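See below for the structure under consideration.
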Amino acid sequence: MQRIDLARAKLHLRVDGDEEDSLIEGWIAAAYLAIEGKIFAKLYEDQAEIPEGAVGVVIDEAIHSAAQLIIGHLYANREAVAPGQAAEIPMGADWLLLPYINTAGGF
């Protein structure tokens, strides 16, 4: 399954214009990178793409939903969440990603 595209992200964010397209595309990429970091595995669009012996997860609707929550969070919170505090992945995204976490760690 392909990563969500700009049109789907904009629908989720309720954005009609194209002024912020490049920002949203950056947040899409960042969301999938954040997911890979959270689950300690690389994301692939198809099972056939996963190299033999590699730790990988095929993107599905739960991964898409987590990505949309992260994109929404980034869209709504364009500045630091709080001074001195690390930004956290939205709780709903965290919950959606639990089954995918590679507990062995590493890619």
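Read-outs throughout are calculated quantities, based only on the coordinates presented, and are distinct from any laboratory measurement. Quick caveat: nothing in here was measured; it's all calculated off a predicted structure. Note that we place each Cβ from the backbone using ideal geometry, even for glycine, and neighbour counts take in every protein chain shown.
Values computed for the structure shown
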quantity: Test item: Cα-centred dipole of the stretch 6-100, Lys/Arg +1 and Asp/Glu -1 on Cβ, debye; calculated: 320
quantity: Helical contribution to [θ] at 222 nm, DSSP H n ≥ 4, -39,500 (n - 2.57), averaged over the chain, rounded to 500; calculated: -14500 deg cm²/dmol
quantity: Percentage relative contact order, the stretch 6-100, counting C-alpha pairs under 8 Å, at least six apart; calculated: 29
quantity: In the stretch 1-66, trypsin sites (Lys or Arg not before Pro) in a DSSP loop with at most 12 other beta-carbon atoms within 10 Å; calculated: 14
quantity: With at most 12 neighbouring Cβ atoms within 10 Å, loop GluC sites (Glu not before Pro) (DSSP) excluded, longest segment of the chain; calculated: 53-78
